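These notes are about the structure you will find just below.
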Amino acid sequence: MTEWFDSIKAQFILNFIEKNRWRYLWTGLFTTLRITFFAVVIGIALGTIIAIVRSTADRNLSDMHPGPGRSILKFVDGFCRLYLTVIRGTPVVIQLMIFYYVIFASSRNSELIAIISFGLNSAAYVAEVVRGGIMSVDIGQTEAGRSLGFNYVQTMWLIVVPQALKNVLPALANEFIVLLKETSVAGYVAIKDLTKGGDIIRGATYSPFMPLIAVALIYLILVVFFSWLVGKLERRLRNSDH
Amino acid sequence: MKKIIALVLIMMFCVSGLAFADAKPELHMGTNANFPPYEYHEYIDDVDTIVGIDAEIAAAVAEYLGYELVIDDMEFGAIITAVQTGKIDFGMAGMTVTEERLESVNFSTTYATGIQAIIVPEGSEITSADDLTAEGKNYIIGVQEATTGDLYCTWDIEDEGLGTVDRYKNGADAVQALLTGKVDCVVIDNEPAKAFVAANEGLVILETAYAVEDYAIAIAKDNTELLDKVNEALAALTEDGTIPAIIEKYIPAEEAAE
């Protein structure tokens with residue numbers, strides 16, 4: 001038993017204490033959080049815009065009279081559909097490498113490239129979530145807004161979208177958690193995130209157990225923490241319904 | 001219906017049993033086949049095969065010991081993990097012995113010597129290995145993750161605060177990053193470096209090497225039986241000229257003398 005404990009201790013010292021290897025995990029953690037946070041911001045902003053376009057087209061395109069407005073909406077909607085198909089139809093790590101090696105080939109700021117790449121990826125998923133939220137707001141809300149004299153954009157922005165976002169907020173928070181784990185592929189383009197931190201230690205010490213378990217634990221703690229926050233948020237939102 | 005399916009399954013088991021009855025036991029080798037000329041993919045008779053110095057030496061060792069060699073292609077960083085967990089019997093991927101790696105696995109005797117070379121774009125201001133550790137330059141150095149080039153650069157340069165090390169999943173990615181100007185140079189084994197420079201215009205290898213090192217085969221700590229056998233095979237195959245011939249085939253002597 002003491003022998004087992006001693007070997008665990010030796011492994012721990014080798015993997016984390018020696019040469020201050022724990023710093024790879026520590027700095028990697030913040031890289032992961034930074035990428036996730038900014039990617040989610042991009043994702044929600046862009047995703048909401050796409051969702052508004054898509055739901056507007058779904059509801060109104062068939063009733064609209066032929067004219068420039070209809071043509072523009074049709075074109076923008078078509079573009080959004082293409083975007084969703086391409087982004088959701090390809091793996092995020094491939095998108096990341098295309099952004100890194102092809103689209104932003106000349107940029108040296110790999111973290112920014114990762115943020116844009118994960119953000120654009122997340123936007124596609126957020127768009128579908130928010131579209132569901134917009135569609136779930138009773139059509140009577142739109143009709144009431146229009147009959148009170150708001151134009152379509154005002155009705156959408158002031159009445160429908162706030163209600164929709166409130167409905168989908170838990171799902172959006174969940175997107176944050178999913179993205180947090182998805183960023184673990186950032187190491188493919190030499191970004192030193194949390195997973196890469198573990199990989200660097202593994203490469204130096206050749207011992208798989210400690211670094212992998214440590215990385216897994218840190219992700220788990222982060223996800224449990226954010227899930228708890230989401231749960232709290234959900235309860236608060238439910239209270240405001242009364 | 002069920003009976004028929006059961007019957008078919010039983011027959012299949014019998015047939016597969018027969019097929020394997022007189023086959024040799026398998027010896028699994030783990031490698032990262034993106035590392036010419038030590039290991040890389042090539043179509044031989046329309047079959048995707050892993051070839052190279054390591055692959056051929058491993059095949060010779062396996063034949064000497066009476067095993068059937070099976071090569072598993074994996075990420076370089078995953079090889080040692082696979083050795084330790086027993087998913088593969090040994091790892092052979094141009095690996096160098098270091099103190100820390102010896103804590104986790106055993107290494108065979110050396111079968112080849114490697115050089116860590118520096119690749120730079122033509123006309124780069126980096127002209128020797130010393131430039132990389134120059135104060136205040138803060139070069140970005142591309143490496144293949146978990147290779148010795150990565151370790152050396154991490155110790156000498158990143159840990160000393162003299163520059164940044166960007167770690168890619170394989171050598172080709174690091175060279176791609178060099179071509180697009182994301183890194184200032186790539187530190188990688190000399191042989192793959194030559195292959196990369198030959199394949200991409202505008203890149204050169206510096207005359208001064210970053211480091212010289214010995215390659216060995218990684219085997220699990222508790223598998224000393226295999227370690228002894230492999231060492232015996234390596235000694236015998238070096239003796240009878242098989243291993244020198246394999247190395248000569250991939251790295252002709254006049255080229256190695258340069």
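Looking only at region A:190-201, which residues are part of a helix (DSSP H, G or I) and more than 9 Å from chain B (Cβ to nearest Cβ)? Spell out how you get there, then give the answer.
Here is the first cut: in region A:190-201, the residues part of a helix (DSSP H, G or I) are A:194-201.
A:Leu194, A:Thr195, A:Gly197, A:Gly198, A:Ile201, listed by residue number.
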Query raised in the report: Taking A:Asn174 and the conditions (1) more than 21 Å from A:Ser55 (Cβ to Cβ); (2) modelled with pLDDT under 90, which numbered condition does it fall short on, given that it satisfies the others?
Result: (1)
Report task. Report yes if B:Gly123 is out of contact with any Leu (no Cβ under 9 Å at 6 or more places or on another chain) and modelled with pLDDT under 95, otherwise no. Result -> yes
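Here's a check for you: in region B:80-98, which residue that is within 10 Å of chain A (Cβ to nearest Cβ) and surrounded by fewer than 18 Cβ atoms within 10 Å (Cβ to Cβ) is nearest to B:Thr224 (Cα to Cα)?
Just the residues of region B:80-98 that are within 10 Å of chain A (Cβ to nearest Cβ), to begin with: B:80-85, B:91, B:95, B:98.
Cutting the leftovers down to surrounded by fewer than 18 Cβ atoms within 10 Å (Cβ to Cβ) gives us B:85, B:98.
Values: B:Thr85: 15, B:Thr98: 19 Å.
Out of the qualifying residues, it is B:Thr85.
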**Report entry** Filter result for the condition that a residue is of a type in the set (Val, Ile, Thr), within 14 Å of chain B (Cβ to nearest Cβ) and either surrounded by 18 or more Cβ atoms within 10 Å (Cβ to Cβ) or over 15 Å from A:Arg88 (Cβ atoms) (or both), over A:Ile103, A:Ile115, A:Ile139
**Finding:** A:Ile103
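When region B:74-108 is examined, which residues are found to be out of contact with any strand residue (DSSP E or B) (no Cβ under 7 Å at 6 or more places or on another chain) and not aliphatic (A, V, I, L, M)?
Of the residues in region B:74-108, the ones out of contact with any strand residue (DSSP E or B) (no Cβ under 7 Å at 6 or more places or on another chain) are B:75, B:77-78, B:81, B:85, B:87, B:98-104.
Selection gives B:Glu75, B:Gly77, B:Thr81, B:Thr85, B:Lys87, B:Thr98, B:Glu99, B:Glu100, B:Arg101, B:Glu103, B:Ser104.
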Query raised in the report: What number of residues within region A:22-36 satisfy the criterion of being at pLDDT below 95 and closer than 30 Å to A:Ile159 by Cα?
Result: 0
Report summary line: (1) more than 14 Å from chain B (Cβ to nearest Cβ); (2) modelled with pLDDT under 95 all hold for A:Gly187 apart from (1)
Requested in this report: Name the residue, out of A:Leu233, A:Leu212, A:Leu237, that is over 19 Å from the mean Cα position of the chain (by Cα), more than 30 Å from A:Phe99 (Cβ to Cβ), aliphatic (A, V, I, L, M) and not in a loop (DSSP other than H, G, I, E, B).
Outcome: A:Leu237
Report task. Return yes or no: is A:Thr56 surrounded by 13 or more Cβ atoms within 10 Å (Cβ to Cβ), touching a residue at least 24 places away in the same chain (Cβ under 8 Å), outside any loop (DSSP other than H, G, I, E, B) and more than 23 Å from the chain's Cα centre (by Cα)? Result -> yes
**Report entry** Which numbered condition A:Thr90 fails, given (1) more than 30 Å from A:Val153 (Cα to Cα); (2) away from chain B (no Cβ under 14 Å); (3) in contact (Cβ under 8 Å) with a residue 24 or more places away in the chain; (4) not acidic (Asp, Glu)
**Finding:** (3)
Report summary line: When every residue in region A:167-208 that is over 13 Å from the mean Cα position of the chain (by Cα) and among the acidic types (Asp, Glu) is compared, the one nearest to B:Gln144 (Cα to Cα) is A:Asp199
Requested in this report: Return a yes/no flag: does region B:128-139 have any residue that is over 30 Å from B:Val61 (Cβ atoms), at the interface with chain A (Cβ under 9 Å from one of its Cβ atoms) and either in contact (Cβ under 8 Å) with a residue 40 or more places away in the chain or in contact with an Asp or Glu (Cβ under 8 Å, 6 or more places away or on another chain) (or both).
Outcome: no
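The values are calculated or read from the model by the stated rules, or taken from the named source; none is laboratory data. Everything numeric in this text was worked out from a predicted model, so none of it was measured. Glycine gets a Cβ as well: all are built from the backbone with ideal geometry, and neighbour counts include every protein chain shown.
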